[in-house]
Each structure stands twice: as structure tokens, then as C-alpha cells.
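Remarks on the structure that follows.
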Amino acid sequence: MGTVLGAMRNVRWHELQHAYGSASQVPGVLSRIAWGDAPSSDEALNDLERWIGTPPVFDSTAATVPFLWELAATDTVRDRAGVLDLLSTILAAGNPEHPAWTRAAHEAVAEGRGTAVRLAADDAAASPPGTVRAAATRLLAAIDGHTCPACPARPAPSPDAA
């Protein structure tokens, strides 16, 4: 797997669930997002959104989020804006029956705020116009304005916090 997504082997995916059952397929889907051709990567991103992000989040969601941040920060990933949009979807989703899963998923998204700050300020991420940079800016605003019943109130970030 190389250095990108290398830590996936440390997660007990078979013990986690997504919307349709065992999360044991999540590493393969993340790999297709990272290295797949356009149709394969697009399909994998769509699958992952259905599995872990909408409508509720699952116990596998928080485990997946750090790898999504890794993909969003990797220049060779084909649809980094789509990955950032999935992170926004996760931040907006919840699971009222499992508030701990919701909180863990939302905290995992918020922990990547520094990556969103870098991508929102990166002129290279603005090409093609409005993609990665715009998605990062939207996600950063969502993180900074996030409130939900499952998450404790967080202090507002300082303007130069990364």
C-alpha cells in the first residue's frame, strides 16, 4: 500500500460496521479512491459515501475519516474535492441511536482542520478553478460553525490556528 493509507492495516475493519454490513471492504474502497482510474475512483467514492456517511454515521465512519484526510492532502488523488465533500457530509450526518459514533466521526473531521486550512490557502489547489480549494473552504466553514446535540461546544479557533 505504500506510505499513503499504510496505517489502514492497523484498523480492525472486520469488527466495524457500515450501512450494509461489515466494514471489511473499506480499505479496498479507500485504495480505489487513492489509485483507481476515473470510473473506479468515482464509484469507490460514491460507495463510501453510501456506506459510512449518509444518512447516519456508523462505528466505521470515525475510523475512516483520518484516511479521507490523508487522501484529501495527497496531490495524486484524482477527486480530492470529492473527498473533502464527503468529509462535509460526515460532519453534517449523525446517528441519533448512537451519539458516541456521531461525536467520534465529527471529532475526527474536526481534527483535520489544519489540512483544510492548508488546502483552502493553497493556490495550486485552485486548479482546476474552484475545486479542491473551494471544497476545503466550504469544509473549513462547516467545521468552524459545527454544532450538534452529540458534540460538546468547542471554542472558536483562533484566526491563525492550523
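The values are calculated or read from the model by the stated rules, or taken from the named source; none is laboratory data. If you're wondering where the values come from, they're calculated on a predicted model, not measured in any experiment. Cβ placement follows ideal geometry from the backbone for every residue including glycine, while neighbour counts extend to all protein chains displayed. Side chains are part of the model used for accessible areas, which takes the heavy atoms of the whole protein and leaves out ligands, DNA and RNA. Shrake-Rupley method; radii C 1.70, N 1.55, O 1.52, S 1.80 Å.
For the stretch 35-122, the solvent-accessible area works out to 41 Å² per residue, with a probe of 1.4 Å and every protein chain left in place. Once the Cα-Cα distance is subtracted from the 0.36 nm per residue extended length, the residue 141 to residue 100 segment shows a gain of 12.4 nm. Once the Cα-Cα distance is subtracted from the 0.36 nm per residue extended length, the residue 7 to residue 111 segment shows a gain of 35.7 nm. Note on the chain: with neighbouring protein chains present and a 1.4 Å probe, carbon and sulfur make up 55 percent of its accessible heavy-atom surface.
How big is the C-alpha Rg of the chain next to the rule-of-thumb value 2.2 N^0.38 Å, as a ratio?
My calculation over the Cα atoms of the chain gives 0.98.
Distance between the modelled labels on residue 40 and residue 123, one decimal in nanometres: 3.5 nm (7 Å Cα→Cβ projection). Which of rounded, prolate or oblate describes the stretch 1-54 when judged by the alpha-carbon gyration tensor and an a/c cut-off of 1.5? Note, shape of the stretch 1-54 comes out oblate.
At 222 nm, what helix-only mean residue ellipticity would the chain give, in deg cm²/dmol to the nearest 500, using -39500 (n - 2.57) for each DSSP H run of four or more? Per the formula, -16000 deg cm²/dmol.
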